[in-house]
Amino acid sequence: MLSDQWRGDRNDYCRLRQSTTPVEAAFRFKPNSDEPDNRAIRDMTRLTDLVAKKPGLKFALASFADASVPYDQACAKTRERAKSLSETLKTLGITVSETHAYCSELPLRDGTDAVAKLSNNRVELFAR
């Protein structure tokens, strides 16, 4: 469940996970950037292969940021990353049907050190 800081439906992420199939790819970004890292680029190639095998497959994106910046800035960062990644995937023929920006909610790692930042600045992918 999302925290009290979250301004929307606190069960939104739970519903997203229940209504979709998680894809084994979490896009991470270069430090202080909206540019996907090298692993993310490899994952995009895997996605194009998956879509080629299952035409019509659509995806939902769930974007997260680390807590090293104020909450509102984290929200803006997650919206920007979700939009940027959605546009990149579209150029590859991958349909993104919805994006969710979850600010600094649901961190994978506690803290604001480099490892936590790399883990928490991510976009998760779900198939519909």
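The values are calculated or read from the model by the stated rules, or taken from the named source; none is laboratory data. A quick note: this is a predicted structure, and the numbers were derived from the prediction, not measured. No Cβ is skipped: glycine too gets one built from the backbone with ideal geometry, and neighbour counts run over all protein chains shown.
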For this session: Specify the residue that is surrounded by the most Cβ atoms within 10 Å (Cβ to Cβ); the eligible residues are those in the range 22-64 that are touching a Pro at 6+ places or on another chain (Cβ under 9 Å) and more than 19 Å from Leu92 (Cα to Cα).
Result: Phe64
Seminar exercise, completed: By residue number, the members of the range 111-126 that are of a type outside the set (D, E, K, R) and within 12 Å of Ala67 (Cβ to Cβ) are Gly111, Thr112, Ala116, Ser119, Asn120, Asn121
For this session: Would you check if there is a residue in the range 22-42 being at pLDDT 90 or above and not in a strand (DSSP E or B)?
Result: no
Exercise. Can you tell me which residue in the range 64-93 is farthest from Val115 (Cα to Cα), limited to those that are among the β-branched types (Val, Ile, Thr) and part of a helix (DSSP H, G or I)?
Worked result: Thr91
Problem set entry | Failed item in (1) closer than 18 Å to Arg122 by Cα; (2) touching a helix residue (DSSP H, G or I) at 6+ places or on another chain (Cβ under 6 Å), with Leu89 passing the rest | (2)
Exercise. Would you pick out the residues in the range 79-105 that are among the charged types (D, E, K, R) and out of contact with any Asp or Glu (no Cβ under 7 Å at 6 or more places or on another chain)?
Worked result: Arg79, Lys83, Glu87, Lys90, Glu98, Glu105
Seminar exercise, completed: Of the residues in the range 57-79, those that are within 13 Å of the chain's Cα centre (by Cα), among the acidic types (Asp, Glu) and at pLDDT 95 or above number 0
Problem set entry | Any pair with Cβ under 7 angstrom, 6 or more apart, that starts in the range 93-104 at a residue that is buried (at least 19 other Cβ atoms within 10 Å of the Cβ) and ends at one that is acidic (Asp, Glu) and not in a loop (DSSP other than H, G, I, E, B) | His100/Asp12
